[in-house]
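Novice: The structure under discussion is supplied below as structure tokens; questions concerning it will follow.
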Amino acid sequence: MSAFFVTGTDTDAGKTLVTAGLLARARRAGLTTLGLKPVASGSATTPEGLRNADALALQGESHPAVDYATVNPVAFAPAIAPHLAARQAGVSLRLDTLVERVRPPLAAGRDLTLIEGAGGWRVPLNDDEDLADLAVRLGLPVLLVVGLRLGCIGHARLTAEAVAASGLRLAGWAGSLVDPAFAADDALYRDNLATLAHHLPAPCLGVVPWLAGESPGAMAEAAADHLELPDGEPKRGAPGTSRRGGPTPEMASVAPRDDEMVSSPFNGVAMRQNGRDIHSRI
């Protein structure tokens, strides 16, 4: 069983789209899946209780099916930071409670379980605990979703450093285009992606383009076309896994020669990784 904690560079970075896309990708491979959203703000009132759109999207990509309370045990109506929403609701949001709610579904042993955070890495649960502490307590490797917009490089690097400072492994990152204008200048867009690949110390799982106007299930399937599944365990010395180069999801099974081309998840981006040129097949 592989389980990961999914965080983002900020609120609305595309975490749910990438998380649902990875789950959809896993289902295509015949794997069992589970998406969890332990805390969700911005939930709608329904006859069944509060329901969060992101959590519903993850529930839809969980196979075999699970009930909503398993996916999202704590929901708040206001679209504000969880600790503030909890304060308004007059409840105590504690790390121990979240751990108790998340551990049973984790123990079910699905082939791929993704636990999506809320907002960025250091979102508070209360005055003393962060949602990042849930990943630490569970000892999960982290997947970072980079919301591709102006400022994303600094946000991504700072988040990667914070994950490492928490003692956790950054197992991969994915880009999600959240501002179409960011890709208006194609050459500049490629340069931004190449810079991210150079600085983030983990494999790139893909770059999801701007997707809009479709159902959550259709968007997850569309995102899956641009993503590769993360490795469950780090592979020492594996091709394309350096601390500084942007590793790719379709590396050759053997390390390439200096003059040999390897593939990249970036459309036409020419990059250098460990002194080697990297070229995209897409």
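Novice: Ordering Trp121, Trp210 by how much accessible area each has at a 1.4 Å probe, largest first, what is the list?
Specialist: Trp210, Trp121
Novice: Measuring from label point to label point, each 7 Å out along Cα→Cβ, what is the Ser215 to Asp179 span in nm?
Specialist: Distance between the two pseudo-spin positions: 3.3 nm.
Novice: Still on this structure, I have one more. Less than 12 Å Cβ to Cβ from Gly154, Lys/Arg counted +1 and Asp/Glu -1: what total charge do the surrounding residues give?
Specialist: Here the count lands on 0.
Novice: Highest mean first, how do 63-74, 176-187 rank when packing is the count of other Cβ atoms within 10 Å averaged over residues?
Specialist: 63-74, 176-187
Novice: Which percentage, to the nearest 5, of the DSSP beta bridges contained in region 2-225 is antiparallel?
Specialist: Roughly 15 percent of the DSSP beta bridges within region 2-225 come out antiparallel.
Novice: Okay, next question. What is the extension gain from Ala165 to Asp186, computed as 0.36 nm multiplied by their sequence separation minus the C-alpha to C-alpha distance, in nm to one decimal?
Specialist: Gain on stretching Ala165 to Asp186: 4.1 nm.
Novice: How much solvent-accessible surface does Asp111 expose, in Å² to the nearest 10, with a 1.4 Å probe and all protein chains in place?
Specialist: Only protein atoms counted, so the area is about 60 Å².
Novice: Net charge around Glu100, counting only other residues with Cβ within less than 13 Å of its Cβ (Lys, Arg = +1; Asp, Glu = -1)?
Specialist: So the surrounding residues net to +3.
Novice: Which order do you get for Ser92, Ser215 if you rank them by accessible area with a 1.4 Å probe, largest at the top?
Specialist: Ser92, Ser215
Novice: While we're on this one: Pairs of Cα atoms under 8 Å, at least six residues apart: use those to get the relative contact order of region 143-225, whole percent.
Specialist: 33 percent
Novice: So what does the Cα-only Debye profile of region 2-225 read at q = 0.07, 0.10, 0.13 Å⁻¹, as log10 I(q)/I(0), no solvent term?
Specialist: -0.20, -0.41, -0.72
Novice: Would you list Ile153, Ile115 from the most to the least accessible area, probe 1.4 Å?
Specialist: From most accessible down to least: Ile153, Ile115.
The values are calculated or read from the model by the stated rules, or taken from the named source; none is laboratory data. Computed from a prediction, not measured in an experiment: that's the story for all the values here. In this analysis, Cβ positions are derived from the backbone assuming ideal geometry, glycine residues included, and neighbour counts consider all displayed protein chains. Areas reflect the complete protein model, heavy atoms only, side chains present, ligands, DNA and RNA absent. Shrake-Rupley method; radii C 1.70, N 1.55, O 1.52, S 1.80 Å.
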